[in-house]
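Input: a single structure, listed below in structure tokens.
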């Protein structure tokens with residue numbers, strides 16, 4: 001029996017900073033939907049999203065939701081946090097940080113995990129990424145140390161209005177043009 005399998009309870013109480021997982025709070029309820037949050041004008045602009053889990057609160061006026069977004073890479077998650085943390089969405093200040101996870105219980109018992117879509121960890125992480133439940137509960141610190149870029153600015157949830165594209169589509173016709181079989185170019189003497 002290995003040290004880790006004999007100390008499963010110790011490892012069950014540990015949370016691990018997951019660098020590809022973003023935790024967001026203060027999301028206005030009208031946006032608290034996986035299909036909305038994955039759009040390009042929201043969190044889809046930062047990279048490929050593997051999974052979104054939205055936690056909606058009981059229907060209270062002015063209530064907000066939280067979400068866990070798993071990105072494909074750590075770089076995508078970092079970019080998301082840098083861009084969105086402390087930004088504004090419908091007059092709410094969004095708070096973003098890395099999410100935490102735990103070790104898969106099968107992994108800790110040294111047994112192959114039967115869940116192909118298991119989102120828990122199946123490899124050991126460095127000590128610097130580990131937090132006890134007490135540290136998680138008592139600290140209000142962010143789980144990242146980089147500077148936010150858009151504090152008190154709107155960053156997500158808006159569609160960009162490109163006038164040039166609007167002008168192009170304004171004159172679009174429904175007429176279907178026949179593709180010419182042959183195109184001739186004749187030089188013109190000036």
Give the residue that is farthest from residue 150 (Cα to Cα), with candidates limited to residues of region 29-39 that are assigned to a helix (DSSP H, G or I) and touching a strand residue (DSSP E or B) at 6+ places or on another chain (Cβ under 8 Å).
34
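For (1) under 24 Å from residue 84 (Cα atoms); (2) at pLDDT 80 or above; (3) loosely packed, with under 10 Cβ neighbours inside 10 Å, each residue gets a yes or a no:
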residue	(1), (2), (3)
134	no, no, yes
142	yes, no, no
158	yes, no, no
161	yes, no, yes
167	no, no, yes
170	no, no, yes
176	no, no, yes
What about residue 71, is it farther than 27 Å from residue 125 by Cβ and at pLDDT 95 or above?
no
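The values are calculated or read from the model by the stated rules, or taken from the named source; none is laboratory data. Note that the coordinates shown come from a computational prediction; the quantities given were computed from them, not determined experimentally. Cβ atoms come from the backbone with ideal geometry, glycine included; neighbour counts cover every protein chain shown.
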